[in-house]
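The values are calculated or read from the model by the stated rules, or taken from the named source; none is laboratory data. Just so it is clear, the structure is predicted and the values come from calculations on it, not from any experiment. Here the Cβ is made from the backbone with ideal geometry for all residues, glycine too, and neighbour counts use every protein chain on show. SASA here: full protein model, heavy atoms, side chains in, ligands and nucleic acids out. Shrake-Rupley method; radii C 1.70, N 1.55, O 1.52, S 1.80 Å.
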Amino acid sequence: MMTATQRASSTDDAWADLSGRWFFAWRMAAACEGALREVHMAMSRQHDSNRAQALDKVSTLLRRELMRWVRRGEALDMIVEHLPHNED
């Protein structure tokens, strides 16, 4: 009885952890996307070449970070798709 309870609790904790990581990855990707839009809007209005260059660097970093979070979210999506279905 104790082992079954521990196993169920462990499975629930793992699912909660996975769900939290999935949500966080997609929220971070969305935040990067929003920041990238703002940077591009600022770049389109920028006349100072030094500032435009700095914004371009920020854009590159945000794009890299966005892709990292999207890949992480997609990897978590694949894990979730292959989890055993709990038929209660």
His85 being open to solvent by 100 Å² or more (accessible area, probe 1.4 Å), modelled with pLDDT of 80 or more, assigned to a loop (DSSP other than H, G, I, E, B) and not aliphatic (A, V, I, L, M):
no
Residues of the stretch 18-46 being at pLDDT below 85 and exposed (fewer than 14 other Cβ atoms within 10 Å of the Cβ), in sequence order, are Ser19
Flagged pairs (Cβ under 9 angstrom, 6 or more apart or on separate chains; first in the stretch 20-44, of a type in the set (Val, Ile, Thr); second surrounded by 15 or more Cβ atoms within 10 Å (Cβ to Cβ)) are Val39/Leu55; Val39/Val58; Val39/Ser59; Val39/Leu62
Verdict on Met67 being within 27 Å of Asp12 (Cβ to Cβ), surrounded by 12 or more Cβ atoms within 10 Å (Cβ to Cβ) and within 19 Å of the chain's Cα centre (by Cα)
no
(message) Being of a type in the set (Val, Ile, Thr), over 14 Å from the mean Cα position of the chain (by Cα) and surrounded by 14 or more Cβ atoms within 10 Å (Cβ to Cβ): is that true of Val58 here?
(response) yes
